[in-house]
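Remarks on the structure that follows.
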Amino acid sequence: MDIIQIVLYVLLGLGAGIVIGRFLLRKLFRNQEMGAQNKAKKILKDAETNAEILKKDKLLEAREKFLQMKAEHEQEINSKNNSINQRENSIKQKEQSINQKLDNLTKKEDELAAVKANLEKQIELAKKRQEDVDALKNQHIQQMEAIAGLSAEDAKNQLIDSLREEARTQAMIQIKDIVDEAKLTANKEAKKVVIQTIQRTATESAIENTVSIFNIENDEIKGRVIGREGRNIRALEAATGIEIIVDDTPEAIILSGFDPVRREIARLALHRLVTDGRIHPARIEEVVAKTKKQIEDEIVEIGERTVIDLGIHGLHPELIRMVGRMRYRSSYGQNLLQHSREVANFCATMAAELGLNVKMAKRAGLLHDIGKVPDDNPELPHAILGMQLAEKYKEHPEVCNAIGAHHDEVEMTSMISPIIQACDAISGARPGARREVVESYIRRLKELESLALSYPGVEKTFAIQAGRELRVVVESERISDAAAEILAADISNRIQTEMTYPGQIKVTVIRETRSVSYAK
């Protein structure tokens, strides 16, 4: 075979293979297409079956939900219907009750109308009977006047005179009985009054407010305190304003004065002088000056300790100093600091019970009598002065109002103000807590000193011996010896005309010249 035949056979084989392959591929594709169509039909049939089942389930579920909602709605409608029926029944009952009450009221109105008509008839009958009685009474009076020969007015006057005389006699008898009984019980009642007075009066208050006792080891120290011709005791009295009483009392020197601060300064200065042993006028003035500084420091310390104990913060330093000075002040014989602490604690308790600001109430209670502390003692009431001081040092307006209103000098504007007033009365109203006599006595001595201090050229004034002597220290450069005599007479005349006092007051004007030089 040649190459051409081989090529032809190959080409024929390829052509036959291609034909057979195409036939086979077409048959294969047809089988695949028929399988895919069958699968698609099956899927569609399954989908239709599942959709039908799902549709039935949803319809069943929707029907159940509809039936449930229908049942709930019917239940709610039934409940509302029941409520409406109950209300209708209640309204019907109320209507029946109202109708019954209206019927009763109508019946009562009819009964009242009948009673009123009956009363009117009875009143008319009573008027007619009263007229008949008055006529009979007048007839009887005329008959009695004719029989007795007296008019009704004369008989009435005689009866009144008789009753008056009888009443006077009985009153005199009762008065005599009361007087006799009073005489029998007078001794008993007098003892009772005296005992109650002693029990309610703190006798040591007057001693604490006017006298201090300085104890010494032996009576030889008394001579050193008095000094040559009494110069030491005069220098001490002039420096402190306290009367030094050195008498026969063993181992004791009495310091007398109404001002507790002055008495304390004199006591401490005397203690330092006696302990040191050097007692002469220059040393006395030096020690008194140092003691005054020490007392001022102690006053500040007392004020700080008081506000710390009460838990009060942010108080102005000047107010703290005034609180400390309360320790040496008294109110009607009652220590002012103790009184203010009591009021502060009372106010805190009462404010807590009432649900108010406890800290502010305690602050106002402590400061309510701060107006009694200043030394200048102006004419303003202490409540108004205390309110002005609190406003000056930037206290809260409610605190200022409580201070000013605790004696009703100003109108109360907060709930704390009446609490301060009530607690002040509670602290001061305790039996024996206060003594009006001591307060008036101290006020009189202060007025006595202020009167003398009002004159020009007067340096210091001291009321001593319980107000029976007034010592006036003048400036020697401005007041001469002759002017000192005139000043003493003028002060005496003013005391006589402007003040009320028992006994007599001795006015002593002291003028001395000092020449001082320093060796350098």
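The values are calculated or read from the model by the stated rules, or taken from the named source; none is laboratory data. Please read these numbers as outputs of a predicted model, since none were measured by experiment. Counting neighbours? That spans all protein chains shown, and the Cβs are built from the backbone with ideal geometry, glycine included. Note: areas computed on protein heavy atoms with side chains; ligands, DNA, RNA excluded. Shrake-Rupley method; radii C 1.70, N 1.55, O 1.52, S 1.80 Å.
Here is a check on your reading of the model: is residue 273 at pLDDT below 85 and aliphatic (A, V, I, L, M)?
Spelling it out, residue 273 is indeed at pLDDT below 85 and aliphatic (A, V, I, L, M).
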Quick check on my filter: what residues within the stretch 404-416 are surrounded by fewer than 23 Cβ atoms within 10 Å (Cβ to Cβ) and touching a residue at least 40 places away in the same chain (Cβ under 8 Å)? 415
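One residue is enough: does the stretch 477-487 have a residue meeting the conditions assigned to a loop (DSSP other than H, G, I, E, B), open to solvent by less than 40 Å² (accessible area, probe 1.4 Å), farther than 19 Å from residue 242 by Cβ and of a type in the set (Ser, Thr, Tyr)?
Looking only at the stretch 477-487, we keep the residues that are assigned to a loop (DSSP other than H, G, I, E, B), and these are 477-480.
After this cut, where a residue has to be open to solvent by less than 40 Å² (accessible area, probe 1.4 Å) as well, the list is 479.
Subset that is farther than 19 Å from residue 242 by Cβ: 479.
Add one more test, that the residue is of a type in the set (Ser, Thr, Tyr), and what stays is none.
No, every residue in the stretch 477-487 fails to be assigned to a loop (DSSP other than H, G, I, E, B), open to solvent by less than 40 Å² (accessible area, probe 1.4 Å), farther than 19 Å from residue 242 by Cβ and of a type in the set (Ser, Thr, Tyr).
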Test set (1) of a type outside the set (S, T, N, Q); (2) surrounded by fewer than 10 Cβ atoms within 10 Å (Cβ to Cβ); (3) at pLDDT 85 or above - residue 1 fails condition number: (3)
Just need a number here: residues in the stretch 285-309 that are open to solvent by less than 70 Å² (accessible area, probe 1.4 Å) and more than 36 Å from the chain's Cα centre (by Cα). 4
Number of the condition not met by residue 312 [criteria: (1) in a helix (DSSP H, G or I); (2) modelled with pLDDT of 80 or more; (3) open to solvent by 10 Å² or more (accessible area, probe 1.4 Å)]: (1)
Among the candidates 282, 190, 186, single out the residue that is farther than 24 Å from residue 445 by Cα and either over 46 Å from the mean Cα position of the chain (by Cα) or modelled with pLDDT of 75 or more (or both). 282
Set 12, 54: member being open to solvent by 90 Å² or more (accessible area, probe 1.4 Å), aliphatic (A, V, I, L, M), modelled with pLDDT of 85 or more and assigned to a helix (DSSP H, G or I): 54
Flagged in the stretch 462-486 as over 10 Å from residue 510 (Cα atoms), β-branched (Val, Ile, Thr) and under 46 Å from the mean Cα position of the chain (by Cα), in numbering order, are 464
In the stretch 421-473, residues that are closer than 25 Å to residue 255 by Cα, modelled with pLDDT of 85 or more and among the polar types (S, T, N, Q) total 2
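Report yes if residue 272 is open to solvent by 10 Å² or more (accessible area, probe 1.4 Å), assigned to a helix (DSSP H, G or I) and closer than 22 Å to residue 359 by Cα, otherwise no.
Details: open to solvent by 10 Å² or more (accessible area, probe 1.4 Å): yes; assigned to a helix (DSSP H, G or I): yes; closer than 22 Å to residue 359 by Cα: no.
No; evaluated as a whole, the condition is false for this residue.
Within the stretch 490-505, work out how many residues are surrounded by 12 or more Cβ atoms within 10 Å (Cβ to Cβ) and without any contact (Cβ under 8 Å) to a residue 40 or more places away in the chain. Outline the logic, then answer.
To start, the set of residues in the stretch 490-505 that are surrounded by 12 or more Cβ atoms within 10 Å (Cβ to Cβ) comprises 490-492, 494-495, 499, 501, 505.
Then keep just the ones that are without any contact (Cβ under 8 Å) to a residue 40 or more places away in the chain; that gives 490, 492.
Result for the stretch 490-505: 2.
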